[in-house]
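Reviewing the structure listed below.
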Amino acid sequence: MLITDLVLHPIAISDPPLRSSYGLHAPFALRTIVELKTDSGLTGISETYGGDGPLAGLEAVRQRVTGMDPFQLAGLSRDLTAAAAQEMDSTPGGRTQTYLVPGENPLDRHARTFAAIEIACLDLIGKAVGKPVCDVIGGRVRDQVSFSAYLFYKHGVFSGPEDEYGEVLDPQSCVRECRQMISQYGFREIKLKGGVLDPDVEILTLRALRDTFGPAYPLRIDPNCAWSVETSVRVGRELQAELSDGGYLEDPCATLEGMAEVRRRLLAEGNHTPQASNVAVTCFADVPRAKELDAVQIVLSDPHYWGGMRNVQYLSHLTGVLGMGLSMHSNSHLGVSLMAMTHVAAACPNLTYACDTHYPWQTAEDEVVVGGRIPFVDGAVQIPDRPGLGVDLDYDQVARGRERYARIPYRRRDDEAEMRKRVDPNWKRVLPRW
Ligand code: GKR
Ligand code: MG
């Protein structure tokens, strides 16, 4: 089986006005649907970040991939890893996501490009051998994968009909949002995207969530580095009870050194709340230092920018050996990404928390897989009893996504610009803000 064509579908999907320390989500998130056609008649698919940068990365491997055997992925990985290493050497500061929204970091673009090709190749291989992807990559250790309720503070929709969650800018509306999400999807763990309101209000929000849902629902908060070390220690102290029982503090402040200082000071007070990261730890090279400094106890994997599904499995092994936990990061995405996340999570022995997913924030109108939205049962997605990723593209829906993409003016994610446009003309991302 040889790849005969790489087809890229740039699409735009509606996204609600979600807030984070990066700013505000624009009305559309950009994604790319990747198809690999082969001479066997089979087509493999994947989904990745969208806009000009990710498309250019994929275009750059078009020639390399055309004519390639989808089973032969190591050579492509070697070439892209070498290109990434060269660029990294000439850029001090490495691949940290501190100042860049995910999907817009030039230094992880080779890893993202490889991942998009790898996942489509694994879909192809699964289809060729008649096995689900999780079984192609070594076998599943679970049949369903649990996800968490990913809560955001948000505005009401600025123009057009209101979404199902409305405005969420205080603790009570956040509890309401969580109730809606849990009743619809059955999630059993809760993550709050913080770094948006004054930390005292975010503390009250977590307390209100704990009062409402109780300790059976572990809580995590992720301000994406919006806090200073001092504030992180204070929030960690005030939320010690709420973040215990399977919760964590995610990227409270910038840099591994900052997180190490927070960890030291909390431990000195007898507070063992673990810290997780998808900002200070974004590639294998970050892991030894994170461990050495004891800055991060839980690594947030993501097949999209960790260099694919098998890299996430290696990460599962590495974190297991190092006695670290593993969870999974997400960004606005549709069902193809959800299935890639589910397959790899099913095949990771060391996966210690429910994975993140933005899926509840997207709608049926934008879904590109045949049959529409992927169902969740008790907060989990089941591995389908079908070869490959187990989902097919609905080409009418892909065409709608492409039309939307062609209509909108932007070609990259810029939450800061959106924040200035809709909320505060003088808004700037300042770290630390508090
Ligand atoms: O969607 O605004 C967002 C999130 O802030 C996302 O971009 C982050 O990458 O989910 C993310 C995280 O855990 O940091
Ligand atoms: Mg995070």
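Every read-out reported here was derived from the displayed coordinates using simple, explicitly stated rules and does not represent laboratory data. Note that the structure is a prediction, hence the values are computed from the model and not measured. Here Cβ is always computed from backbone atoms with ideal geometry, including for glycine, and neighbour counts include all displayed protein chains.
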- [ ] Could you check the simple spin-label distance between Glu257 and Val157, using points 7 Å along Cα→Cβ, in nm with one decimal?
- [x] 4.7 nm
- [ ] Mind putting together the pair-distance distribution for segment 135-382? All Cα pairs, 10 Å bins, whole percent per bin, short to long.
- [x] 7, 32, 37, 21, 3, 0
Task: Ordering of 308-319, 260-271 by packing [mean C-beta count within 10 Å, highest first] - done: 308-319, 260-271
Task: Dipole magnitude of segment 202-257 about its Cα centre (Cβ charges: Lys, Arg +1; Asp, Glu -1), debye to nearest 20 - done: 160 debye
Task: Cα lying deepest toward the dipole's positive end in the chain, options Thr81, Pro274, Val423, charges on Cβ - done: Thr81
- [ ] Pop the C-beta distance of Asp394 and Asp69 into the FRET formula with R0 = 35 Å and round what comes out to the nearest 0.05.
- [x] 0.80
- [ ] For the chain, calculate the relative contact order in percent as a whole number, restricting contacts to Cα pairs under 8 Å that are 6 or more residues apart.
- [x] 22 percent
TODO: Note down the net charge around Val65, summing +1 for each Lys or Arg and -1 for each Asp or Glu among other residues with Cβ under 12 Å from its Cβ.
DONE: -3
TODO: Grab the other residues whose beta carbon is less than 14 angstrom from that of Tyr353, score K and R as +1, D and E as -1, and report the net.
DONE: -2
TODO: Average the reciprocal distances over every distinct pair of alpha-carbons in segment 240-281, invert the result, and give the Kirkwood radius in Å.
DONE: 10.5 Å
- [ ] Find how many whole Å separate the alpha carbon centroid of segment 187-263 from the alpha carbon centroid of segment 144-173.
- [x] 18 Å
- [ ] Round to a whole angstrom and tell me the spacing of the C-alpha centers of segment 27-79 and segment 314-372.
- [x] 19 Å
- [ ] Would you mind working out the magnitude of the charge dipole of the chain relative to its Cα centre, with +1 at each Lys and Arg C-beta and -1 at each Asp and Glu C-beta, to the nearest 20 Debye?
- [x] 300 debye
Task: Relative contact order, percent, segment 210-299 [alpha-carbon distance under 8 Å, six or more residues apart] - done: 29 percent
Open item on the list: I need the peptides 188-196, 367-375, 411-419, 160-168 ranked by packing, meaning the mean over residues of other C-beta atoms within 10 angstrom, with the highest value on top.
Closed with: 188-196, 411-419, 367-375, 160-168
Task: Subset of Lys127/Lys154; Lys131/Lys191; Lys291/Lys428; Lys37/Lys131; Lys131/Lys154; Lys193/Lys428 violating a 29 Å alpha-carbon distance limit - done: Lys127/Lys154; Lys131/Lys191; Lys291/Lys428; Lys131/Lys154
Task: Within segment 1-136: Cβ-based charge dipole about Cα centre, in debye rounded to nearest 20 (Lys, Arg +1; Asp, Glu -1) - done: 140 debye
TODO: Give the relative contact order (percent, whole number) for segment 135-382; include only Cα pairs under 8 Å separated by 6+ residues.
DONE: 22 percent
TODO: Using the 2.2 N^0.38 Å rule of thumb for compact globular proteins, work out how the chain stacks up: its C-alpha Rg over that value, please.
DONE: 0.93
- [ ] Please build a GNM for the chain, connecting alpha carbons under 10 Å apart, and tell me which residue among Val299, Val133, Val175 fluctuates the most.
- [x] Val175
Task: Proxy reagent accessibility, fewest Cβ within 10 Å first, across Asp69, Asp170 - done: Asp69, Asp170
